[in-house]
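The values are calculated or read from the model by the stated rules, or taken from the named source; none is laboratory data. Values in this document were obtained by computation on a predicted structure and should not be read as measured data. Note that each Cβ is placed from the backbone with ideal geometry, even for glycine, and that neighbours are counted across all protein chains shown.
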Amino acid sequence: MKILFTKTIDATLLSKELGPDISAECIEVIRTEPIQTAAFDLKNYSLIFTSVNGVNAFFKNQFKPNEDFTAKNYNKIYCVGEKTKRELRKHGFGTFKVLKNAETLSRFIIGNCQHEQFLHFCGNLAIDVLDNELPLQNISYKKITIYKTEELYPSVPEKYHAAVFFSPSGVRSFAKLNSLEGMKIFSIGETTSGELRKYTTEKVFTSEENNLVSIFGLIKKEI
(Lines give C-alpha, C1' and ligand atoms only; values in the text may rest on other atoms or scores of the structure.)
Protein backbone atom coordinates (compact mmCIF):
# COMPACT_ATOMS: atom_id res chain seq x y z
CA MET A 1 0.00 0.00 0.00
CA LYS A 2 1.44 3.36 -1.10
CA ILE A 3 0.04 6.69 0.11
CA LEU A 4 0.95 10.15 -1.16
CA PHE A 5 0.85 13.06 1.29
CA THR A 6 0.69 16.42 -0.48
CA LYS A 7 2.87 18.17 2.07
CA THR A 8 5.97 17.19 4.01
CA ILE A 9 5.29 15.28 7.23
CA ASP A 10 7.96 13.95 9.57
CA ALA A 11 9.01 10.45 8.46
CA THR A 12 9.15 9.15 12.04
CA LEU A 13 5.56 10.25 12.64
CA LEU A 14 4.40 8.62 9.40
CA SER A 15 6.10 5.34 10.29
CA LYS A 16 4.66 5.39 13.80
CA GLU A 17 1.10 6.15 12.68
CA LEU A 18 0.88 4.02 9.54
CA GLY A 19 3.02 1.00 10.44
CA PRO A 20 5.30 -1.15 8.28
CA ASP A 21 2.69 -2.26 5.73
CA ILE A 22 2.05 1.24 4.35
CA SER A 23 4.63 3.15 2.33
CA ALA A 24 4.16 6.91 2.60
CA GLU A 25 5.75 9.53 0.36
CA CYS A 26 5.48 13.32 0.60
CA ILE A 27 5.44 15.87 -2.23
CA GLU A 28 5.08 19.61 -1.70
CA VAL A 29 2.34 20.98 -3.96
CA ILE A 30 2.27 24.57 -2.67
CA ARG A 31 4.77 27.08 -1.29
CA THR A 32 3.93 29.93 1.11
CA GLU A 33 5.85 33.01 2.18
CA PRO A 34 4.98 36.11 4.23
CA ILE A 35 4.24 39.45 2.56
CA GLN A 36 5.84 42.48 4.17
CA THR A 37 3.06 44.71 5.45
CA ALA A 38 3.22 47.87 7.54
CA ALA A 39 1.58 47.19 10.90
CA PHE A 40 -1.30 49.49 11.86
CA ASP A 41 -3.47 50.16 14.89
CA LEU A 42 -5.89 47.31 15.54
CA LYS A 43 -8.13 49.09 18.06
CA ASN A 44 -11.84 48.28 17.90
CA TYR A 45 -11.29 45.38 15.48
CA SER A 46 -11.99 41.69 15.96
CA LEU A 47 -9.30 39.55 14.34
CA ILE A 48 -9.77 36.39 12.26
CA PHE A 49 -7.10 33.77 11.55
CA THR A 50 -7.87 30.75 9.38
CA SER A 51 -4.36 29.25 9.09
CA VAL A 52 -1.02 28.86 10.85
CA ASN A 53 0.59 30.78 7.98
CA GLY A 54 -1.67 33.74 8.68
CA VAL A 55 -0.69 33.76 12.36
CA ASN A 56 3.03 33.58 11.63
CA ALA A 57 2.93 36.31 8.97
CA PHE A 58 0.87 38.53 11.30
CA PHE A 59 3.50 38.46 14.02
CA LYS A 60 6.43 38.69 11.57
CA ASN A 61 4.91 42.00 10.49
CA GLN A 62 5.00 43.21 14.11
CA PHE A 63 1.27 43.53 14.66
CA LYS A 64 0.39 43.85 18.36
CA PRO A 65 -3.09 42.72 19.42
CA ASN A 66 -4.54 44.01 22.67
CA GLU A 67 -6.01 41.04 24.52
CA ASP A 68 -6.62 42.84 27.81
CA PHE A 69 -10.38 42.38 28.15
CA THR A 70 -10.53 45.16 30.75
CA ALA A 71 -9.26 47.68 28.19
CA LYS A 72 -11.64 49.69 26.05
CA ASN A 73 -10.12 48.79 22.68
CA TYR A 74 -9.19 45.13 23.15
CA ASN A 75 -9.16 42.71 20.21
CA LYS A 76 -11.28 39.57 20.14
CA ILE A 77 -9.44 36.79 18.27
CA TYR A 78 -11.41 34.24 16.26
CA CYS A 79 -9.69 31.31 14.56
CA VAL A 80 -10.31 28.18 12.50
CA GLY A 81 -8.84 24.93 13.76
CA GLU A 82 -6.94 23.75 16.81
CA LYS A 83 -3.61 24.02 14.97
CA THR A 84 -4.18 27.73 14.38
CA LYS A 85 -5.18 28.13 18.03
CA ARG A 86 -1.97 26.44 19.19
CA GLU A 87 0.11 28.72 16.95
CA LEU A 88 -1.52 31.78 18.53
CA ARG A 89 -0.69 30.38 21.97
CA LYS A 90 2.98 30.05 20.96
CA HIS A 91 2.95 33.82 20.45
CA GLY A 92 1.31 34.39 23.81
CA PHE A 93 -2.28 34.95 22.72
CA GLY A 94 -5.48 33.07 23.41
CA THR A 95 -8.64 32.93 21.32
CA PHE A 96 -12.14 34.20 21.96
CA LYS A 97 -13.68 31.53 19.72
CA VAL A 98 -12.34 28.51 17.78
CA LEU A 99 -14.44 26.95 15.00
CA LYS A 100 -13.63 23.92 12.88
CA ASN A 101 -13.92 25.62 9.46
CA ALA A 102 -14.73 28.90 7.74
CA GLU A 103 -18.38 27.93 7.18
CA THR A 104 -19.09 27.39 10.88
CA LEU A 105 -17.17 30.57 11.76
CA SER A 106 -19.29 32.52 9.29
CA ARG A 107 -22.51 31.16 10.80
CA PHE A 108 -21.32 31.97 14.32
CA ILE A 109 -20.43 35.56 13.40
CA ILE A 110 -23.73 36.13 11.59
CA GLY A 111 -25.66 34.75 14.56
CA ASN A 112 -23.74 36.40 17.38
CA CYS A 113 -21.42 39.22 16.27
CA GLN A 114 -23.41 41.59 14.09
CA HIS A 115 -21.90 44.77 15.53
CA GLU A 116 -18.22 43.84 15.46
CA GLN A 117 -15.70 44.96 12.84
CA PHE A 118 -13.56 42.12 11.46
CA LEU A 119 -10.09 41.97 9.96
CA HIS A 120 -9.15 38.62 8.41
CA PHE A 121 -5.39 38.07 8.18
CA CYS A 122 -4.94 35.55 5.39
CA GLY A 123 -3.20 34.51 2.19
CA ASN A 124 -3.80 35.60 -1.39
CA LEU A 125 -5.72 32.39 -2.13
CA ALA A 126 -7.91 32.43 0.98
CA ILE A 127 -11.36 30.89 0.50
CA ASP A 128 -14.19 33.35 -0.08
CA VAL A 129 -16.75 32.01 2.41
CA LEU A 130 -16.42 34.91 4.85
CA ASP A 131 -15.97 37.45 2.06
CA ASN A 132 -19.12 36.25 0.33
CA GLU A 133 -21.39 35.92 3.37
CA LEU A 134 -20.54 38.54 6.01
CA PRO A 135 -20.97 41.71 3.90
CA LEU A 136 -24.39 40.44 2.78
CA GLN A 137 -25.40 40.59 6.46
CA ASN A 138 -24.05 44.16 6.76
CA ILE A 139 -21.16 42.96 8.91
CA SER A 140 -17.93 44.96 8.58
CA TYR A 141 -15.31 42.58 7.15
CA LYS A 142 -11.99 43.12 5.39
CA LYS A 143 -9.26 40.76 4.20
CA ILE A 144 -5.67 41.71 4.96
CA THR A 145 -3.37 39.66 2.70
CA ILE A 146 -0.17 38.97 4.65
CA TYR A 147 1.20 35.86 2.94
CA LYS A 148 1.13 34.43 -0.54
CA THR A 149 0.58 30.88 -1.68
CA GLU A 150 2.15 29.62 -4.88
CA GLU A 151 0.71 26.52 -6.53
CA LEU A 152 3.66 24.41 -7.76
CA TYR A 153 1.84 22.08 -10.22
CA PRO A 154 4.09 19.02 -9.81
CA SER A 155 3.89 16.18 -12.31
CA VAL A 156 3.66 12.91 -10.37
CA PRO A 157 4.15 9.84 -12.61
CA GLU A 158 4.18 7.41 -9.66
CA LYS A 159 0.94 5.52 -9.02
CA TYR A 160 -0.48 5.53 -5.48
CA HIS A 161 -3.26 3.61 -3.77
CA ALA A 162 -4.30 6.73 -1.84
CA ALA A 163 -3.57 10.44 -1.61
CA VAL A 164 -4.04 12.92 1.24
CA PHE A 165 -4.87 16.62 0.73
CA PHE A 166 -4.65 19.53 3.15
CA SER A 167 -5.96 22.64 1.37
CA PRO A 168 -8.00 23.75 -1.64
CA SER A 169 -4.91 25.32 -3.21
CA GLY A 170 -3.05 22.02 -2.78
CA VAL A 171 -5.87 20.22 -4.57
CA ARG A 172 -5.77 22.64 -7.51
CA SER A 173 -1.99 22.41 -7.74
CA PHE A 174 -1.98 18.61 -7.83
CA ALA A 175 -5.01 18.22 -10.09
CA LYS A 176 -3.67 20.46 -12.86
CA LEU A 177 -1.24 17.79 -14.13
CA ASN A 178 -2.36 14.63 -12.33
CA SER A 179 -5.46 12.46 -12.19
CA LEU A 180 -7.31 11.77 -8.96
CA GLU A 181 -9.08 8.72 -10.36
CA GLY A 182 -8.39 5.20 -9.13
CA MET A 183 -7.17 6.27 -5.68
CA LYS A 184 -8.65 6.54 -2.23
CA ILE A 185 -8.85 10.26 -1.54
CA PHE A 186 -8.41 11.62 1.99
CA SER A 187 -9.02 15.24 2.95
CA ILE A 188 -8.34 17.29 6.06
CA GLY A 189 -11.63 19.17 6.41
CA GLU A 190 -14.77 19.80 4.42
CA THR A 191 -13.49 22.89 2.60
CA THR A 192 -10.70 20.87 0.99
CA SER A 193 -13.15 18.06 0.23
CA GLY A 194 -15.40 20.49 -1.62
CA GLU A 195 -12.49 21.43 -3.87
CA LEU A 196 -11.61 17.77 -4.47
CA ARG A 197 -15.14 17.00 -5.67
CA LYS A 198 -14.62 19.45 -8.54
CA TYR A 199 -11.89 17.16 -9.91
CA THR A 200 -13.00 13.60 -9.19
CA THR A 201 -16.00 11.32 -8.89
CA GLU A 202 -14.14 9.15 -6.37
CA LYS A 203 -15.44 9.09 -2.81
CA VAL A 204 -13.66 11.66 -0.64
CA PHE A 205 -12.94 10.60 2.93
CA THR A 206 -13.03 13.70 5.15
CA SER A 207 -11.50 13.98 8.62
CA GLU A 208 -13.78 15.26 11.37
CA GLU A 209 -11.15 17.70 12.64
CA ASN A 210 -8.55 19.78 10.78
CA ASN A 211 -5.52 18.07 12.27
CA LEU A 212 -3.14 15.16 11.66
CA VAL A 213 -4.52 13.05 14.51
CA SER A 214 -7.93 13.02 12.87
CA ILE A 215 -6.62 12.32 9.36
CA PHE A 216 -4.39 9.46 10.56
CA GLY A 217 -7.34 7.94 12.40
CA LEU A 218 -9.44 8.11 9.25
CA ILE A 219 -6.72 6.52 7.11
CA LYS A 220 -6.27 3.63 9.53
CA LYS A 221 -10.03 3.08 9.60
CA GLU A 222 -10.54 3.10 5.82
CA ILE A 223 -7.43 1.29 4.51
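Miscellaneous remarks
- Failed item, numbered, when residue 163 is tested on (1) out of contact with any Leu (no Cβ under 7 Å at 6 or more places or on another chain); (2) surrounded by 17 or more Cβ atoms within 10 Å (Cβ to Cβ): (1)
- Hey, residue 18 within 26 Å of residue 169 (Cα to Cα), surrounded by 16 or more Cβ atoms within 10 Å (Cβ to Cβ), aliphatic (A, V, I, L, M) and modelled with pLDDT under 95 or not: yes
- Scan of region 14-41 for residues that are among the aliphatic types (A, V, I, L, M) and under 14 Å from residue 220 (Cα atoms), ordered by number: 14, 18, 22, 24
- Taken together, 179, 173 contain a single residue that is surrounded by fewer than 14 Cβ atoms within 10 Å (Cβ to Cβ) and at pLDDT 95 or above, which is 179.
- A count restricted to region 10-56 and to residues that are closer than 19 Å to residue 166 by Cβ, in contact with a Cys (Cβ under 9 Å, 6 or more places away or on another chain) and not in a loop (DSSP other than H, G, I, E, B) stands at 6.
- Residues of region 52-82 that turn out to be surrounded by fewer than 17 Cβ atoms within 10 Å (Cβ to Cβ) and of a type outside the set (Asp, Glu), as a count: 9
- Some residue of region 40-59 being of a type in the set (Phe, Trp, Tyr) and under 20 Å from residue 150 (Cβ atoms): yes
- The helices (runs of 4 or more DSSP H) found entirely in region 74-191 that carry 2 or more residues being within 25 Å of residue 5 (Cα to Cα) and among the hydroxyl-bearing types (Ser, Thr, Tyr) are 168-175.
- Checking residue 66 against (1) more than 24 Å from residue 142 (Cβ to Cβ); (2) in contact with a Phe, Trp or Tyr (Cβ under 9 Å, 6 or more places away or on another chain); (3) of a type outside the set (Gly, Ala, Ser); (4) in the same structural domain as residue 122 (by TED's automatic domain parsing), the condition it does not meet: (1)
- Note on region 111-151: among residues that are under 17 Å from residue 53 (Cβ atoms) and β-branched (Val, Ile, Thr), the one that is surrounded by the most Cβ atoms within 10 Å (Cβ to Cβ) is 146.
- Count of region 200-223 residues which are aliphatic (A, V, I, L, M), outside any helix (DSSP H, G or I) and surrounded by 17 or more Cβ atoms within 10 Å (Cβ to Cβ): 1
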